[in-house]
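Asks: First the structure, which I've put down as structure tokens, then a few questions once you've had a look.
Throughout, read-outs are computed from the coordinates displayed, never taken from laboratory work. Because the structure is a prediction, the values reported are computed rather than measured. Quick reminder, even Gly has a Cβ in these numbers, built from the backbone with ideal geometry, and neighbours come from all protein chains shown.
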Amino acid sequence: MKKITIAIDGFSSTGKSTLAKQLAKHLEYVYVDTGAMYRAITFFAMQNGYISIDFFDKETLINSLPFIKLHFEYNAALGFAEMYLNDISIENEIRTLEVSSFVSLVAEVSEVRAKLVEQQQEMGKGKGIVMDGRDIGTVVFPDAELKIFMTASPETRAHRRYDELKAKGADVSFEDVFNNVADRDYIDTHRDDSPLRKADDAIEIDNSYLTREEQFNAVLEMVNEVVNS
Ligand code: DC
């Protein structure tokens, strides 16, 4: 069967990774969570003291980029690939609200984006890939055969993220999570380099009131249409 590239973009906590994982599993495609890569660089910057609440040493982070090695490694128990930074799994460390609060600033840096986009394009060379992020359909794979743009109301998204963090035992307030979602929406859509926007040929899905199954079935139909065309 013909293998294609599926690009999934959208605001934070719209369920992009849930959909991407379902599709990758069903189609036996590779799934790449590009947000994890931006989070990994952010975690590196935090670990080395290059970023904190009122401080960001962009230059030193840029100079350190050649020494940052990122790779994904499939974990059969989890059913998806974990993010590794310099050969150490940081899958749990990158999912905190603290990393979320800095990641949009790091993702604004053009040198960071150039490094990650190059690696993402390399991973997608052979097709048979589902990649999610903010610039996949516009910058990473502008020729992707299927582009999905996911939206949902900020309240719905903040509730999803809050429930996720709470389930992991995090001590967070709904207000903090909501503000983080709103701040990231703003920075992600207003940055100079590769701002989040819907590609002209992307199909928009507002999943505020869709179940996971309804959404998955709708997109699978789109995949079949493209593959059989
Ligand atoms: O998908 P996520 O919430 O884990 O992504 C974290 C941040 O990384 C998000 O706020 C913006 C940034 N990002 C990006 O700029 N480009 C991508 N392709 C993926 C994520």
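Asks: About its Cα centre, how strong a charge dipole does segment 131-208 have in debye, to the nearest 20, once Lys and Arg get +1 and Asp and Glu get -1 at the Cβ?
Replies: On the way: 11 positive and 19 negative charges, 43 e Å.
In debye, rounded to 20, segment 131-208 gives about 200.
Asks: Among M222, M46, M83, what is the fewest-to-most ranking by other Cβ atoms within 10 Å? Before the final figure, lay out the partial values.
Replies: Details: M222 15, M46 19, M83 23.
Result, fewest neighbours first: M222, M46, M83.
Asks: Once whole DSSP H runs in the chain are found, which of them have Cα atoms spread over 15 Å or more along the helix axis and a mean Kyte-Doolittle score of at least -0.5?
Replies: Details: long enough: 16-27 (16 Å, -0.41); 34-47 (20 Å, 0.59); 97-107 (16 Å, 1.72); 110-123 (20 Å, -1.02); 154-167 (19 Å, -1.95); 174-190 (24 Å, -0.82); 212-227 (22 Å, -0.12).
For the chain, where a helix must reach 15 Å along its axis and average at least -0.5, the hits are 16-27, 34-47, 97-107, 212-227.
Asks: Another question, if that's okay. Give the peptides 12-20, 198-206 in descending order of average Cβ contacts within 10 Å, highest first. Intermediate values should be presented prior to the final figure.
Replies: On the way: 12-20: 22.7, 198-206: 15.2.
Put in order of decreasing packing, that is 12-20, 198-206.
Asks: Let me know the shape class of segment 77-135, please: from the alpha-carbon gyration tensor, a ≥ b ≥ c as square roots of the eigenvalues, rounded when a/c is under 1.5, otherwise prolate if a/b is greater than b/c, or oblate.
Replies: Values: a/c = 1.81, a/b = 1.09, b/c = 1.66.
Oblate is the answer for segment 77-135, as a/c is 1.5 or above yet b/c matches or exceeds a/b.
Asks: Is segment 43-194 best put as rounded, prolate or oblate by its Cα gyration tensor, with a ≥ b ≥ c the root eigenvalues, rounded for a/c under 1.5, and otherwise prolate when a/b is larger than b/c, oblate when not?
Replies: Working: a/c = 1.27, a/b = 1.12, b/c = 1.13.
Rounded.
Asks: So, one more: Hey, what did segment 134-229 get for relative contact order, percent, Cα under 8 Å, at least 6 apart? Don't skip to the answer; put the middle values down first.
Replies: Numbers: 79 pairs, mean separation 41.2, N = 96.
For segment 134-229, the relative contact order is 43 percent.
Asks: Express as a percent, rounded to the nearest 5, the fraction of DSSP beta bridges in the chain (both residues included) that run antiparallel. All intermediate terms of the calculation are to be shown ahead of the outcome.
Replies: On the way: 10 of 28 bridges.
In the chain, approximately 35 percent of DSSP beta bridges are antiparallel ones.
Asks: Where a Cα-Cα gap under 28 Å defines reach, which lysines qualify for K2, not counting those fewer than 8 residues away within the same chain?
Replies: K16, K21, K25, K125, K127, K147, K198
Asks: If we count other beta carbons within 10 Å of each Cβ, what is the order of F178, F67, F11, fewest first?
Replies: On the way: F178 17, F67 8, F11 20.
Placing the least packed residue first, the sequence is F67, F178, F11.
Asks: Report relative contact order for the chain in percent, whole number only (criteria: Cα-Cα under 8 Å, sequence separation at least 6).
Replies: Working: 324 pairs, mean separation 76.8, N = 229.
After rounding, I find 34 percent.
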